[in-house]
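Have a look at the structure below before the remarks.
Just so you know, all these numbers are worked out from the coordinates, no wet-lab data involved. The model shown is predicted, which means the values in this text are computed figures rather than measured ones. Glycine also receives a Cβ, built like all others from the backbone with ideal geometry; neighbour counts cover every protein chain displayed.
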Amino acid sequence: MFSLRPLAGAILTSVLLTGYAAAPAAASVQESAVSQTSSAARPGNGKILYDRISGGEGILKIKNGTGKDGVVTLVRGKSKAFSLYVRARSTASFKRVDDGTYTVYFTTGYRFSTSKRKFTKSAVYQRFNDRLKFKTTSTQSTGWTLTLNPVKGGNARTSGVNPKDFPA
């Protein structure tokens, strides 16, 4: 199971998702050869790969306990909001999440190509089944912690995503 938790703190609030006890769903796996020209330097942990909808007070913290690097992408409605690179066995945060309800997609793999916006080796594509809601008031803002690796007692289900449907 994966973990989906609100951040602790005096100014952060959120609703804890509960009741999920199923194993994560199977995901699509794709491998392809990598040419020297398409691969770039490995992005740094916490590197923002895409930022179109941001500027709010919400905080998203991502823990990647897997042995693969990951990219987490939030989509609001039909619009891709932002994407964040999280290296293997690392934690990264995005501290400017705008208010709204988001679907969370993530991909893990090796050899990320910035030009192709995808992993070129052992890529797995998934999304969290539940959406995250961020809301800011005059005294509070929402924060969430996502864990990309299975967590015993975790409270969030995931589903596999066809690579063609992944918001790259």
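Numerical summary
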{"quantity": "Exposure proxy order (Cβ contacts within 10 Å, fewest to most) of VAL161, VAL86", "calculated": "VAL161, VAL86"}
{"quantity": "Segment ASP130-ALA41, length gained on full extension (0.36 nm per residue, minus Cα span)", "calculated": "28.7 nm"}
{"quantity": "Cβ-based net charge around GLU57, under 15 Å, with every Lys or Arg adding one and every Asp or Glu removing one", "calculated": "+3"}
{"quantity": "Listed pairs LYS118/LYS164; LYS95/LYS116; LYS63/LYS121; LYS63/LYS95 exceeding 19 Å between Cα atoms", "calculated": "LYS95/LYS116; LYS63/LYS121"}
{"quantity": "Cα gyration tensor shape of region 117-168, rounded if a/c is under 1.5, else prolate or oblate by comparing a/b with b/c", "calculated": "prolate"}
{"quantity": "Positive-end residue of SER159, LEU146, THR136, charge dipole of region 59-160 with Cβ unit charges", "calculated": "SER159"}
{"quantity": "Computed lengthening from ARG52 to ASN162, 0.36 nm per intervening residue step minus Cα-Cα distance", "calculated": "37.3 nm"}
